[in-house]
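See below for the structure under consideration.
Each value in this text was obtained by applying a stated rule to the coordinates, not by laboratory testing. These figures come from a predicted structure and were not determined experimentally. Virtual Cβ from ideal backbone geometry, glycine too; neighbours counted across all protein chains shown.
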Ligand code: TYR
């Protein structure tokens with residue numbers, strides 16, 4: 001049990017609350033959910049939460065993935081028709097990332113979000129949620145815009161009611177979901193429902209160094225990118241010498257490569273110090289001291305990433 005808890009909380013920014021999580025884990029088959037706005041490309045940002053879902057699945061959780069088509073629509077991501085096409089492609093990518101097809105339930109938002117009982121609950125949420133709070137909860141989710149739409153405040157209310165509808169014990173998401181999750185924890189009990197436990201994962205910086213890797217910004221590495229694309233994108237990534245904070249290449253090492261391989265071999269010509277073989281701590285140390293050049297690190301990172309994502313490319317080619 002302790003081991004399981006260690007795995008679940010590894011590389012997680014917060015669990016709200018750990019005691020409640022322990023309680024939930026006593027259930028027969030607790031449910032964890034994550035929702036995604038279907039998008040054109042599934043990228044490493046998505047892969048962080050998918051990896052955590054996989055670990056929770058291994059720990060006995062039932063996984064529900066919400067393909068949040070109406071949410072994408074309310075967030076101005078295009079026509080419902082187009083969004084649904086992307087939902088199907090996203091589902092394939094998520095399975096390609098190793099979730100068990102038998103134990104993962106995919107639910108399309110629009111399959112239940114227009115039901116009268118659902119709508120009734122959204123109205124009830126609307127009555128107890130301040131406009132200010134609803135808007136603030138969207139700060140890191142909505143696109144920047146000058147003329148904010150009402151859709152923006154309907155969005156978080158629906159996300160909260162999704163948790164009731166999908167009967168979730170745990171809501172998992174990136175740190176940008178935090179304010180919506182807190183709204184759920186506060187207001188669901190006021191409507192007579194249990195508040196879910198919330199688990200928040202770190203946000204991956206974009207390849208351009210901006211705060212969030214995002215399909216709409218073109219600063220991502222897709223999980224089904226070709227080896228040439230991976231190389232090109234890693235090479236062009238923001239990776240200042242000696243800097244660990246806000247460095248997407250370092251984050252890729254930390255959240256993907258090291259958990260998978262344990263150690264990394266970095267090839268360097270003799271005159272630049274020769275090959276290195278490092279675990280995570282050693283790599284972080286040497287990089288922050290400035291003795292590992294970004295270019296040498298990037299070459300190794302693109303090799304490892306290419307190798308790590310091979311099963312995803314193979315899967316996507318086969319379906
Ligand atoms: N808000 C999530 C995002 O930013 C999408 C989502 C939508 C998650 C509905 C959960 C949910 O119930 O992508």
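Table for the structure above
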| item | result |
| --- | --- |
| Label-to-label distance, nm, for residues given as residue 111 and residue 27 (7 Å Cα→Cβ offset) | 1.9 nm |
| Cα gyration tensor shape for the chain, rounded if a/c is under 1.5, else prolate or oblate | prolate |
| Residue 228-residue 314 FRET efficiency (beta carbon distance; Förster radius 25 Å; 0.05 resolution) | 0.95 |
| Theoretical FRET efficiency, 1/(1+(r/R0)^6), r = Cβ-Cβ of residue 146 and residue 19, R0 51 Å, to 0.05 | 0.70 |
| Estimated inter-spin distance, residue 291 and residue 277, nm [label 7 Å along Cα→Cβ] | 1.8 nm |
| Helix-only CD estimate at 222 nm, as mean residue ellipticity for the chain, using -39500 (n - 2.57) per DSSP H run (n ≥ 4) | -14000 deg cm²/dmol |
| Nearest-ten-degree value, helix 116-128 long axis tilted from longest Cα axis of the chain | 80 degrees |
| Simple label model, 7 Å out from Cα along Cβ direction - residue 208 to residue 126, nm | 3.6 nm |
| The chain - percent relative contact order, Cα under 8 Å, separation 6 or more | 19 percent |
| Near-label residues of region 181-208 by backbone N, under 14 Å of a point 7 Å along Cα→Cβ of residue 241 | none |
| Calculated FRET value between residue 82 and residue 175, using beta carbons and R₀ = 25 Å, to 0.05 | 0.30 |
| Sorted by Cβ density within 10 Å, fewest first, the residues 256, 106 | 106, 256 |
| Centroid-to-centroid separation of region 299-313 and region 229-261 [C-alpha atoms, Å] | 12 Å |
| C-alpha long axis of helix 151-165 to longest principal axis of the chain, angle in ° | 80 degrees |
| Antiparallel DSSP beta bridges within region 163-319, as percent of all bridges there, nearest 5 | 40 percent |
